[in-house]
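Notes to accompany the following structure.
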Amino acid sequence: GDIVDSNVSTFDRLIVRTRDYILRDGIPLEDGDVPLDWSDAGTELNAEDWHEQLQQKNIQLFDCRNDYESDQGTFQSAQPLKTKTFSETWKVLDDQVKSDTINPNEPVYIFCTGGIRCVKVGSYLKNKLGCKDVRSLRHGIIGYERWASDAGQSLWDGENFLFDKRRFSKEEPEQSDKES
């Protein structure tokens, strides 16, 4: 189904520009480093499977959003990366693997608002830091909120910070004869 309500303008105005990247990431590449393989970013879980797996004890669950987003709301037991900008993510992840906060031999769960940041974070965790099993939330928090609304259950605490007017799609109201 639709993730975004097409009846509401997502942005106040739309400007289309060509960019080299959909999301500027600031991933440091040293001489000889091979660029990350974006197609190897781990497994995407649908919202129902995500919900079920998050109820396991002692999982590694990381909020890949910036601190001001995590402060508004997050999943129960999630560990925020506490970054101000997305480009700070890589040093934080490096440090967490070095300090054994992230165990690369155990499943690592990651989430973000819509899923784009998770592709980059998942690829970095797998390709650069050697995490064997990375799992992300398909369609991000936006998709989870839609599922949770229909399912009547949620592990989300707080609000989902959005930069724009994206909201999950709802059924369109039927028009009466008077509106025709």
Tally, over segment 94-114, of residues that are surrounded by fewer than 15 Cβ atoms within 10 Å (Cβ to Cβ) and not in a helix (DSSP H, G or I): 6
Residue match in segment 122-137 (condition: at pLDDT 95 or above and open to solvent by 70 Å² or more (accessible area, probe 1.4 Å)): yes
Odd one out for E145, checked against (1) in a helix (DSSP H, G or I); (2) under 12 Å from the mean Cα position of the chain (by Cα): (2)
Residue within segment 86-93 that is surrounded by 14 or more Cβ atoms within 10 Å (Cβ to Cβ) and assigned to a strand (DSSP E or B) present: no
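The values are calculated or read from the model by the stated rules, or taken from the named source; none is laboratory data. Worth saying up front: this structure is predicted, and the values here are computed from it rather than measured. Here the Cβ is made from the backbone with ideal geometry for all residues, glycine too, and neighbour counts use every protein chain on show. When the accessible area is computed, the model is the full protein with side chains, heavy atoms only, and any ligands, DNA or RNA have been set aside. Shrake-Rupley method; radii C 1.70, N 1.55, O 1.52, S 1.80 Å.
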